[in-house]
Amino acid sequence: MNEKRASIRFIERCYKLYEQKMYHVAYCILRDEGLAEDAVQEAFLKLMKSNVDFKDVKSDECKQYIITIIKHASIDIYNRKKREQELIFFSDENSDFDRSKPEALDEQQQQIREVMDKLPAKYYSVVNCMVVKELSVKETAKELSISEDNVRKRFERAKLLLKTIMKGCGGYEESRAV
């Protein structure tokens with residue numbers, strides 16, 4: 001029991017001492033306030049799970065360990081966001097789009113617009129914000145006046161719908177006007 005309390009106190013001291021520094025590191029990597037806050041939270045969760053306890057919170061080893069954790073958490077979030085923003089039709093299974101030929105880019109963009117136009121308005125707006133405008137989930141939720149969970153779910157459903165449209169299975173023809 002004392003070991004658990006000591007671990008909690010260690011985390012509290014780390015939070016008071018390094019929270020702002022961790023936020024700064026995360027923001028430098030992610031360039032987004034909300035994502036930087038998420039990275040700090042994830043880093044502290046990882047810190048709690050690791051059960052690491054340095055004798056001195058201000059030691060160089062502790063500081064370096066915490067900086068490493070926040071860097072990794074930030075990079076993980078960055079990579080997740082990047083994957084989230086890539087539309088399904090840029091994957092290898094859809095060979096209609098060839099990224100290796102610059103002259104095919106205009107044709108690809110036209111095909112992308114045509115496919116996106118087949119999405120219902122609520123899905124189109126989420127995809128447009130997150131992929132075209134490159135907004136975060138938080139920013140998209142604010143712009144569309146919906147919850148972040150709703151943004152994630154609509155984006156997930158939009159990707160599935162795009163995949164269906166791209167494969168030509170199930171003649172889904174509902175327009176954005178609906």
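Bear in mind these aren't lab numbers, they're just calculated from the coordinates by the rules spelled out. Everything numeric in this text was worked out from a predicted model, so none of it was measured. Note that each Cβ is placed from the backbone with ideal geometry, even for glycine, and that neighbours are counted across all protein chains shown.
Points worth noting:
- Once backbone amide H atoms are built at 1.01 Å from N, VAL57 has no partners under 5 Å, excluding neighbours fewer than 5 places away on the same chain.
- Rounded to whole numbers, the Karplus 3J(HN,Hα) couplings from phi for the stretch 133-138 are 7, 6, 8, 6, 4, 5 Hz, using 6.51 cos²θ - 1.76 cosθ + 1.60 with θ = phi - 60°, and x at Gly and Pro.
- Links that overshoot a 20 Å alpha carbon limit, given the list LYS71/LYS159; LYS71/LYS153; LYS46/LYS138; LYS46/LYS82; LYS118/LYS163: LYS71/LYS159; LYS71/LYS153; LYS46/LYS138; LYS46/LYS82
- Computed label-point distance, nm, for sites ARG13 and LEU160 using a 7 Å Cα→Cβ extension: 4.9
- Rounded to the nearest Hz, the phi-derived 3J(HN,Hα) couplings of the stretch 66-74 under the Karplus curve 6.51 cos²θ - 1.76 cosθ + 1.60 (θ = phi - 60°) are 5, 5, 4, 5, 5, 4, 5, 5, 5, where x marks glycine and proline.
- Rounded to whole Hz, the Karplus (6.51, -1.76, 1.60) HN-Hα couplings of the stretch 52-64, x for glycine and proline: 7, 9, 8, 5, 10, 4, 8, 5, 4, 5, 5, 4, 5
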